[in-house]
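Structure, as structure tokens:
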Amino acid sequence: DRTMPLSRHTGQIPESTWTLGFREMTEPWKGAVGCLGVAVFFAMTIGIISWQALEQSPEEWVLRGRDAGMLWERGRGALLLRALPAGRAVLAIAVGSVPATEPPPPRDRCWHDGGQFCYSWEEDAELRLSLEPPAAPGTECYGVRWTPLRPDVTLKDCFSMANVSWYGGPSIRAQRWPLNSAESPAQPLVSGDLSTNPSGFGPVLERYFLGSTGVTVTVAPEVSLLLSLESHRQFCLETPAGRAEALHYQLSLLPPRWEPFQRPARCPKHLTRNFPPCRSPIWRYHGPEGSAAKIKRGLRSLARRLKRHRLQEGVVALGERGTAVLAAAVRPCRHPPGTRGVWCSSPQTPHSCLSCPQDLLPSGRRKRQAPALVEPLELSITLSPYASVTSPLFLRSLRGGEAAGYWLSRQPRPGGSSIPLLTTWKGQLCARLNVTSEAALSWYLARARRLQQALGATYVAFEGVEGNSFLEQDVPAPAELEGDGYTEVLAAALATLGNGTIISAGTRSSHLPLFVQMSPLHSDWSHAGLKGLIPSVLHYSLLGYNFFIPDVVGGSMAGATPGDPELFVRWLQIVTFLPVMAFGTPPWLCCDAWVLNLTRQCIQRHQDFVVPLLLKYSEEWQNLGYPIFRPAWWLSPMDPVAFTIEDEFLIGDEVLVAPITEKGQTWRDIYLPGEGHLWLDTNTARVFDGGTTLRNYSASLAEVPVFVK
């Protein structure tokens, strides 16, 4: 018998049998099977969608550090910074100019490097996140870099204000603390003059933002940057359109019980060793300036009146116009043989922006004339880096060959000659000093020293340091003068003149031994006036500019209530606790005799109580980088109530000043920071617990609430 091989079952349904059976099915059965197939298909689809919704989180980790990590939020296209291990939200960055619905893949282009994450949106932009070396012990830093892949891509990252209070950045016309309530359209983050451009940014700014959640945002100085402020929503950093430039910045996360300010200390080591401007008030001269003789009589008259009212200590500040008139009258400008002689204005044109600096006068023939004008007071003069185009100084420089390089110029075309970049300064068409020229800077500094000596001035104030003349006229700038390069270079040069130097702007220069003049304020009770003073103090100090000169008591710009005695008194009570007290209108001209007596008391309190405090905490500033004037949250960094207090400030950790800033009020609520601390009211000797709020606390017109810890 032949054994037949066994057939192996393949698991396939014989096609003929299936086809035959299906053909034999009745029509109703065919419909039932079809419906069943459709139902199964929809059930599977719904199941997959449900699984994705349940299993796939709307957030995806893209880079983890030791204490925090970066996530991508799919729904709105945002980067999130969360603290570990609890995952506390620290920062949300809404990303612009890339598709929000396209999430980065689980594996990125930098998967081989655990310290980076890279992703590219095809034909739009490339994102690179990286763990960076910590800026200070206990911090964790992340680098964020966007690179456009097309010239027309504008990169824009917006930082949410939801549950975060933000500080730092630029000064603005009506300063706020925090920045959350400020509003500004997108514009270059460059210092400016608020008196000529109220909607722009002010003279002191840094590319540094501090959030109340313990996060900082720092933008590199070489990045071309626009900043916009959207009140209570977000602030945005973006690159200029059409320039295909990268946007990169650094995020730093501070530890849970973070010290509020952990920037590397770049502070002057010798500014406070000789600190005379703090001890005496500044009296601004507003007398006649038509001639040198009139100015001399006006200065002597002011000195006599101050002495008569027992205010004989201080500094008389002469403005730029008065300085030019006096300088031109020191001697007739002449040009001895063998010298260029192009730097002197003639006595017939005393109002040129730069005037005769005595460069050509032999040292033995120079005279110190000013002490007789204001004795026993000291004199401060004012200069600027501008020269009027109608002055002999400027006109002769154009014919001086190499001297033409002493002014900022438009970049010449190939084979062409440079053309001075003209701008407006105090109503005149002027050229501006070329700070990229070593010869120009050397001449300018020598001129300032000799003019200071010739006029016997103790202090020299420099106006017009802020701003970018190229940017204002939409002209390409040299690489070293991009952004705030002009301000930075000129400030570094002026710092060599000594401790008696005052400048009108500051950016990346808080480490220099310079005093910074605050922007003018309006003579009213608004945030453009008195209410903006304390926010400005906190802003300047946070950015490292602790030695500033506030605007004059009562404000120097016309406001809604000029000559208001109550405004004068409340203003006086605040500046008593600041580095310098400055006066425009003398108290005997605006107010009653009791205000004059109060002014004497405040000046004495400033000298006896405040100046020693400033010297003490300046050491801490130099060693640790901590600001001298501190917000309430400095002692209560975890209390949300403290984040928005803008009408109180601390001097160091031990003195709290809580003045009245509302017209007609003789009471206010006072927040005492620092739970576990005790505060002594210097007016009543009563003691209160820290971490509490005193409701309706009394403060008469003659009082300012001051507490000592």
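The values are calculated or read from the model by the stated rules, or taken from the named source; none is laboratory data. All figures in this text were calculated on a predicted structure; none of them were measured in a lab. All Cβ positions, even for glycine, are placed from backbone atoms using ideal geometry, and neighbour counts span all protein chains on display. To get the accessible areas, we keep the full protein, side chains included, count just its heavy atoms, and leave off ligands, DNA and RNA. Shrake-Rupley method; radii C 1.70, N 1.55, O 1.52, S 1.80 Å.
What shape does segment 128-194 take by its C-alpha gyration tensor, where a ≥ b ≥ c are the square roots of the eigenvalues and a/c under 1.5 counts as rounded, a/b above b/c as prolate, and the rest as oblate? Oblate, because a/c is 1.5 or more while a/b does not exceed b/c.
All other residues with a Cβ under 14 Å from the Cβ of Ala593 taken together, and with Lys, Arg as +1 and Asp, Glu as -1, what is their net charge?
Numbers: positive: Arg308, Arg310, Arg600; negative: Asp592.
Local charge sum for Ala593: +2.
Full-extension gain between Thr666 and Leu84, please, as 0.36 nm times their residue separation minus the C-alpha to C-alpha distance.
Values: separation 582, 0.36 × 582 = 209.52 nm, distance 4.72 nm.
That works out to 204.8 nm of additional length.
When the square roots of the Cα gyration tensor eigenvalues are ordered a ≥ b ≥ c, the ratio a/c for segment 604-709 is 1.5 or more and a/b does not exceed b/c, which makes its shape oblate.
Quick check on segment 524-612: take the gyration tensor over C-alpha atoms, sort the square-rooted eigenvalues as a ≥ b ≥ c, and tell me if it's rounded (a/c under 1.5), prolate or oblate. Before the final figure, lay out the partial values.
Numbers: a/c = 2.38, a/b = 1.17, b/c = 2.03.
Here segment 524-612 falls in the oblate category.
The alpha carbon centroids of segment 614-670 and segment 530-598 are separated by 17 Å.
Taking the highest mean first, how do the peptides 584-591, 206-213, 120-127 order by number of other beta carbon atoms within 10 angstrom per residue?
Values: 584-591: 18.4, 206-213: 21.6, 120-127: 15.9.
Per-residue mean Cβ counts within 10 Å order the peptides as 206-213, 584-591, 120-127.
Would you mind getting the Kirkwood hydrodynamic radius of segment 61-253 from its Cα pairs, rounded to one decimal in Å? Spell out each step's value before the answer.
On the way: mean 1/r = 0.0581 Å⁻¹.
Answer for segment 61-253: a Kirkwood hydrodynamic radius of 17.2 Å.
Accessible surface for segment 578-709, divided over its residues, is 40 Å² per residue with a 1.4 Å probe.
Carbon and sulfur: what percent of segment 61-253's accessible surface (1.4 Å probe)? Taking all protein chains in place, segment 61-253 shows 51 percent carbon and sulfur surface. Straightening the chain between Ser195 and Arg310 buys 38.0 nm, computed as 0.36 nm per residue apart minus the Cα-Cα spacing. A crude spin-label estimate for the pair Arg66 and Ala439, with each label 7 Å from Cα along the Cβ direction, gives 5.5 nm. Multiplying the residue separation of Thr682 and Glu654 by 0.36 nm and subtracting their alpha-carbon distance yields 8.9 nm. Label positions at Asn696 and Glu619, each projected 7 Å from the Cα along the C-beta direction, are separated by 4.4 nm.
Please give the per residue accessible area of segment 61-253, computed with a probe of 1.4 Å over protein heavy atoms only, in Å². All intermediate terms of the calculation are to be shown ahead of the outcome.
Details: 7520 Å² over 193 residues.
For segment 61-253, the per-residue accessible area is 39 Å².
Of Lys426/Lys531; Lys426/Lys663; Lys296/Lys616, which pairs sit farther than 30 Å apart, going by alpha carbon to alpha carbon? Mind dumping the intermediate values first?
Details: Lys426/Lys531 27 Å; Lys426/Lys663 33 Å; Lys296/Lys616 39 Å.
Exceeds cut-off: Lys426/Lys663; Lys296/Lys616.
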